[in-house]
Structures are given as structure tokens and as C-alpha cells.
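> Supplied in C-alpha cells, the structure appears directly below.
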Amino acid sequence: MKALVCRAYGLPHTLELAEIDQPHIVADEVLVKVAYCGVNFPDTLLIQNKYQFKPTLPFSPGGEVAGTVVAVGANTKQINIGDVVVALCSWGGLAEYVAVKAAKVFVLPQNINLKAAATAFYNNATAYHALKDRAQLKAGEKLLVLGAAGGVGLAAVELGKLMGATVIAAASADDKLTQCKNKGADFVINYATHDLKESVKEIAQDGVDVIYDPIGGTLAETALRTITWSGRYLVVGFASGSIPNFAANVPLLKGASIVGVFWSGFAAKEPTRNTANMQQLIQWHSEGKISQQIYKTYSLQEAPQALQDLMDRKVIGKAVVQIE
Ligand SMILES: NC(=O)c1ccc[n+]([C@@H]2O[C@H](COP(=O)([O-])OP(=O)(O)OC[C@H]3O[C@@H](n4cnc5c(N)ncnc54)[C@H](OP(=O)(O)O)[C@@H]3O)[C@@H](O)[C@H]2O)c1
């Protein structure tokens, strides 16, 4: 089969399009014929050996695919050959076939658009777990989303609105903020041209209840200072490349919490709750209540460019690779 292969850690241009053996499945796995693979920030970290998971070399990146099940392991009861599925496979998805643990595979309605499905669930699963399970976001609360036009950011904007919050979307460019408005953001802040703390104060004098931060770096400390009494600061990621060190006096004075979010850890340790979340997201997706804006569709050969575009902050919404 054709696959994009990482043989040595490096930047996207070092990935190689190759002919390799089709993967074999074990008892608790299914084999998916991949139609589309969504591209996510962790793919760019995996190939550079900068992610918390370390697949053995050589491997194919690609953690989110939509396709059709072509084989099932002996212990796999819930999934059948012919099922149309989304698989959150962690890696291996930039290939014609991927072997995935059945617990990471979710059956979709038959009439679903596979390209849309391949981009719809990884970011939303992260954002929904963050807002629902970790922040316990309530209707009427104020939610500040940083990096709001990125993958997990835009998902949080859309889900925050769906959950009844007032959403303040913050990003580094006006065209990114237009995208956030299109997803329902009530207010927008350009933190490249405006002071974040002052801008939040103008919108929410007493501060915000929940802060969703996929960026980290220097903006994090400023953002934390906009939190209200009993607020929750969600540590989602470090797209800036720098892990913030928070001054502990702010959570003390605001009675606030700094809350970690690690969706794949949650999915592995609490599969029943994760499956319930996924079923809710699949329902919302099929009702048209959530969708990801597709930035561009790439061929498998062009997939390194998709990863590079993500690293260059060009992608608004999701990059997707067409495999078949
Ligand atoms: N905790 C979890 O379970 C979980 C799950 C998935 C992803 N993540 C993490 O969440 C973070 C964001 O992922 P994503 O898929 O949303 O990525 P993305 O689509 O690339 O968006 C990241 C956003 O961060 C901002 N940014 C600031 N500095 C940046 C830099 N130096 N390079 C790139 N972007 C920068 C950009 O927005 P502006 O230009 O507007 O500032 C960009 O839109 C990553 O660290 C990822 O590993 C965590």
C-alpha cells in the first residue's frame, strides 16, 4: 500500500511517500481503508520526536481518519466489516490502510460526508472534554478562547456557543477572527494589535469564567489575569513552543483553578465516558450543529505541505488529505 513514512525524526519535507506492507490486525483491532485523513498539530510534533507518544520508527503520521472497515479482529464485537467509521488512531492514518484498536473506532451514519467526518472529531473531542468534563462550563458563563482560529480553538468556539456560553475569541489576525465570528463568537480580540487584558476588561468587567488555552507562552500569564472569581483556566496545549510558569497568587486571590486537559489520556483511561462524548459529537455533526471549516484538501503526495502549512500558522480550520 502507499503511505507517507517518517523514517528519521525531522521536519515535514523529510517524510517519504513509499510502498509498504499493509498492516496486520490483532484480536482487538480493526483494519480501516482510509478515505481521508485530517491533519492535526500533534502530527507535526510526532515526526520531530517532540510529542508525549513515541511511535517506533518507521511510522506514518496521521491521527484522525474516516473510511471503511475491511477486516475485524476476533475480539471485536461492536464493529463490522463495511461499517463507515471515524478512527482516532494517534498515528498511521496517512496511508491507504490503518490498523486501529476498536475502542478508538466510532461507527458513523451511512450517509455521512467522509471528508467532513475526517476533520470533525479529533479537535471537537478535545474541546468537548475540556469544556464539559474539565471546566464544567455552564450556560451563561463567559468563555475566553485563545488561538481561537486554530484546530482545537475553533472547535471550542463552536462548542462553547452550543453549550450556551458567551464566547470571546482571541487570535493574532483579523481574517482569523472573521472565521471565529462565522462560528458564532460573540466578541473577538486581536491580541497581535490590542492588549489582551484591557480588551477582555472592556467586554467582561468582572473577568471570564473559563479560559481555554492551546498556546501557552507569554500570553498565558496575561490571560490568567482576566479570570473571574472561581474561574477555570484550561491548559490545552503549547502551540507557541513554550510552557508557561504561572504565578500562584492569581489562582489564590481569585479562588480559581488551573485545570489540565489531556484528551488521549482521558480516552485511554475512561473509554466509556469518551465513547459517550463521541456519540454526542457524532449526533451534533449529523444534525449539522458542528462542523470544521476545511482550509484545503491535499493529496497523499502533498501531505508534507499540509503539515508545513499548519506549522507556518497558515491553516484556518482544518487541513485534510485525500487518500483514495
Ligand atoms: N490537551 C489535549 O488533549 C490536546 C489535543 C489536541 C491538541 N492539543 C494541543 O493544542 C495545541 C494547538 O493545536 P491545534 O491543532 O489547535 O493547532 P493549530 O491548528 O496549529 O492552532 C494553534 C494556534 O496557536 C497559535 N499559535 C501561537 N503561536 C504559535 C506558533 N509558534 N506556532 C503555531 N501556532 C501558534 C496560532 O494562532 P494565532 O496565530 O491566532 O496566535 C494557531 O492558530 C497544540 O499544542 C496541540 O498539541 C492538545
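> Within region 177-194, can you find the residues that are crowded, with 24+ Cβ neighbours inside 10 Å and part of a helix (DSSP H, G or I)?
C180
> Let me spell it out: the conditions are (1) among the aromatic types (F, W, Y); (2) in contact (Cβ under 8 Å) with a residue 40 or more places away in the chain; (3) within 16 Å of the ligand (Cβ to nearest atom), and Y295 meets all of them except one. Which number is the exception?
(2)
> Pick out the one residue from A303, A267, A248, A276 that is in contact (Cβ under 8 Å) with a residue 60 or more places away in the chain and either in contact with a helix residue (DSSP H, G or I) (Cβ under 7 Å, 6 or more places away or on another chain) or surrounded by fewer than 14 Cβ atoms within 10 Å (Cβ to Cβ) (or both).
Among A303, A267, A248, A276, only A267 is in contact (Cβ under 8 Å) with a residue 60 or more places away in the chain and either in contact with a helix residue (DSSP H, G or I) (Cβ under 7 Å, 6 or more places away or on another chain) or surrounded by fewer than 14 Cβ atoms within 10 Å (Cβ to Cβ) (or both).
> Can you name the condition, by its number, that I25 falls short on among (1) over 25 Å from Q305 (Cβ atoms); (2) part of a strand (DSSP E or B); (3) not polar (S, T, N, Q)?
(2)
> Residue under question is G67, and the condition is that it be closer than 25 Å to L15 by Cα and surrounded by 24 or more Cβ atoms within 10 Å (Cβ to Cβ); does it hold? Spell out the reasoning first.
On the way: closer than 25 Å to L15 by Cα: yes; surrounded by 24 or more Cβ atoms within 10 Å (Cβ to Cβ): yes.
Here the answer is yes, as G67 does meet what is asked.
> Determine whether Q305 is at pLDDT 95 or above, of a type in the set (S, T, N, Q) and within 16 Å of the ligand (Cβ to nearest atom).
On the way: at pLDDT 95 or above: yes; of a type in the set (S, T, N, Q): yes; within 16 Å of the ligand (Cβ to nearest atom): yes.
Yes: the conditions hold for Q305.
> Can you give me the number of residues within region 109-158 that are touching a strand residue (DSSP E or B) at 6+ places or on another chain (Cβ under 7 Å), away from the ligand (no atom under 14 Å from the Cβ), assigned to a loop (DSSP other than H, G, I, E, B) and under 29 Å from I79 (Cβ atoms)?
So the answer is 2.
> Okay, moving on. Have a look at G10, G62, G82 and point out the one that is modelled with pLDDT of 95 or more, buried (at least 17 other Cβ atoms within 10 Å of the Cβ) and among the small types (G, A, S). Can you show your working first?
On the way: G10 fails: buried (at least 17 other Cβ atoms within 10 Å of the Cβ); G82 fails: buried (at least 17 other Cβ atoms within 10 Å of the Cβ).
G62 is the lone residue from the list that is modelled with pLDDT of 95 or more, buried (at least 17 other Cβ atoms within 10 Å of the Cβ) and among the small types (G, A, S).
> From the list I215, I243, I211, pick out the single residue that is within 16 Å of the ligand (Cβ to nearest atom), surrounded by 23 or more Cβ atoms within 10 Å (Cβ to Cβ) and either assigned to a loop (DSSP other than H, G, I, E, B) or in the same structural domain as L46 (by TED's automatic domain parsing) (or both). Explain how you work it out, then say what you get.
Working: I243 fails: surrounded by 23 or more Cβ atoms within 10 Å (Cβ to Cβ); I211 fails: either assigned to a loop (DSSP other than H, G, I, E, B) or in the same structural domain as L46 (by TED's automatic domain parsing) (or both).
Every option except I215 fails the conditions.
> Filter region 65-94 down to the residues that are within 20 Å of A303 (Cα to Cα) and outside any strand (DSSP E or B) and list them by number.
Taking region 65-94 and keeping what is within 20 Å of A303 (Cα to Cα), we get 65-67, 86-94.
Scanning region 65-94 gives L88, C89, S90, W91, G92, G93, L94.
> OK, next. Restricting to region 166-208, name every residue that is under 22 Å from the mean Cα position of the chain (by Cα), among the small types (G, A, S) and away from the ligand (no atom under 15 Å from the Cβ).
Of everything in region 166-208, just one residue is under 22 Å from the mean Cα position of the chain (by Cα), among the small types (G, A, S) and away from the ligand (no atom under 15 Å from the Cβ), namely G184.
> While we're on this one: Considering every residue within region 152-165, establish whether at least one is buried (at least 24 other Cβ atoms within 10 Å of the Cβ), among the small types (G, A, S), under 15 Å from the mean Cα position of the chain (by Cα) and more than 24 Å from T275 (Cβ to Cβ). Steps first, answer last, please.
Initial filter on region 152-165 (buried (at least 24 other Cβ atoms within 10 Å of the Cβ)): 152-160, 165.
Filter again for among the small types (G, A, S), leaving 153, 155-156, 160, 165.
Restricting the remaining residues to those that are under 15 Å from the mean Cα position of the chain (by Cα) gives 153, 155-156, 160.
Okay, now just the ones that are also more than 24 Å from T275 (Cβ to Cβ), so 153.
Checked region 152-165: at least one residue is buried (at least 24 other Cβ atoms within 10 Å of the Cβ), among the small types (G, A, S), under 15 Å from the mean Cα position of the chain (by Cα) and more than 24 Å from T275 (Cβ to Cβ).
> May I ask you to verify whether G237 is buried (at least 17 other Cβ atoms within 10 Å of the Cβ), within 16 Å of the ligand (Cβ to nearest atom) and closer than 30 Å to V100 by Cβ? Spell out the reasoning first.
Values: buried (at least 17 other Cβ atoms within 10 Å of the Cβ): yes; within 16 Å of the ligand (Cβ to nearest atom): yes; closer than 30 Å to V100 by Cβ: yes.
So G237 fits the description; yes.
> Please enumerate the residues belonging to region 279-300 that are surrounded by fewer than 19 Cβ atoms within 10 Å (Cβ to Cβ) and farther than 27 Å from L177 by Cβ.
Q279, Q280, Q283, S286, S299
> If you don't mind, there's one more thing I want to ask. Those residues that are more than 16 Å from the ligand (Cβ to nearest atom) and not in a loop (DSSP other than H, G, I, E, B), I need them from region 47-64; list them, please.
F59
> Additional query: Condition first: touching a residue at least 12 places away in the same chain (Cβ under 8 Å), surrounded by 22 or more Cβ atoms within 10 Å (Cβ to Cβ), farther than 24 Å from L154 by Cβ and under 19 Å from the mean Cα position of the chain (by Cα). Can you find one or more residues in region 21-34 that meet it?
So far as region 21-34 goes, no, none of its residues is touching a residue at least 12 places away in the same chain (Cβ under 8 Å), surrounded by 22 or more Cβ atoms within 10 Å (Cβ to Cβ), farther than 24 Å from L154 by Cβ and under 19 Å from the mean Cα position of the chain (by Cα).
> Here's a follow-up. Against the definition (assigned by TED's automatic domain parsing to the domain that holds N80 and within 16 Å of the ligand (Cβ to nearest atom)), how does K104 come out, yes or no?
Details: assigned by TED's automatic domain parsing to the domain that holds N80: yes; within 16 Å of the ligand (Cβ to nearest atom): yes.
Taking the combined requirement at face value, the residue satisfies it.
The values are calculated or read from the model by the stated rules, or taken from the named source; none is laboratory data. Remember, predicted model here, so these are calculated numbers, not experimental data. Positions of Cβ are generated from backbone atoms using ideal geometry, with glycine treated the same way; all protein chains shown enter the neighbour counts.
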